[in-house]
Amino acid sequence: MIRLVDDQLLSAVLRGDAPPNDDARVFTTGCWYVRLCQAVLTATSPPGTLSGPFLDLPEPTRARAIDALLVLPDEIGLVSLRDLGPTIGHLRSRHQLNILGMEALAAATHLGAHVHLSVTSPRLEAALEAEGLPVTVG
């Protein structure tokens, strides 16, 4: 089984937490990855939801987590927009989502993935369910 994780869950995995369902392959989307990079690499005070957990780590652990952020470990997959573009085009006629949601829906469709969201996203959840894809929130 493939698990598609959002930016907050990707952050947790990069910081050393076990991914959802250890025996599954973990993927994320380009938009979620970029959002996490932007938050962590341009963190300001007070820290935000995405940057705070990195800043709270002790120095050696933080350095390892940031290294993992800068060069995603091989065990974390990332599907190219080259592969997702046609799927996004087809899905756009059935679902009204922003680009972040469309990429997540297309990636989940392309991978046949179980999507894990850290917070509820009603439109994305409805689109995933309409496409017959499992989603877990929280």
Exercise. Report yes if residue 50 is touching a residue at least 24 places away in the same chain (Cβ under 8 Å) and in a loop (DSSP other than H, G, I, E, B), otherwise no.
Key: yes
Quiz item: Is segment 120-133 home to any residue that is of a type in the set (Gly, Ala, Ser), on the phi > 0 side of the Ramachandran plot and touching a residue at least 24 places away in the same chain (Cβ under 8 Å)?
Solution: no
Practice problem: Take segment 31-47 and flag every residue that is over 14 Å from the mean Cα position of the chain (by Cα) and either surrounded by fewer than 21 Cβ atoms within 10 Å (Cβ to Cβ) or assigned to a strand (DSSP E or B) (or both). | Solution: 41, 42, 43, 44, 45, 46, 47
Exercise. Considering only segment 10-30, state which residues are open to solvent by 40 Å² or more (accessible area, probe 1.4 Å) and either in a helix (DSSP H, G or I) or hydrophobic (A, V, I, L, M, F, W, C) (or both).
Key: 18
Quiz item: Within segment 109-125, can one find any residue that is open to solvent by less than 60 Å² (accessible area, probe 1.4 Å), part of a helix (DSSP H, G or I) and touching a His at 6+ places or on another chain (Cβ under 7 Å)?
Solution: no
Exercise. Run residue 91 past the list (1) under 19 Å from residue 116 (Cα atoms); (2) open to solvent by less than 20 Å² (accessible area, probe 1.4 Å) and report the number of the one that doesn't hold.
Key: (1)
Exercise. Would you check if residue 101 is loosely packed, with under 14 Cβ neighbours inside 10 Å and either more than 15 Å from residue 136 (Cβ to Cβ) or touching a helix residue (DSSP H, G or I) at 6+ places or on another chain (Cβ under 6 Å) (or both)?
Key: no
Quiz item: Of these, 84, 100, 78, which one is touching a His at 6+ places or on another chain (Cβ under 9 Å) and at pLDDT 95 or above?
Solution: 84
Quiz item: If you take the residues in segment 48-66 that are over 23 Å from residue 4 (Cα atoms) and among the aliphatic types (A, V, I, L, M), which one is surrounded by the fewest Cβ atoms within 10 Å (Cβ to Cβ)?
Solution: 63
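The values are calculated or read from the model by the stated rules, or taken from the named source; none is laboratory data. This structure is a prediction, so every number in the text was calculated from the model and none was measured. Please note: Cβ atoms are built from the backbone with ideal geometry, for glycine as well, and neighbour counts cover all protein chains shown. When the accessible area is computed, the model is the full protein with side chains, heavy atoms only, and any ligands, DNA or RNA have been set aside. Shrake-Rupley method; radii C 1.70, N 1.55, O 1.52, S 1.80 Å.
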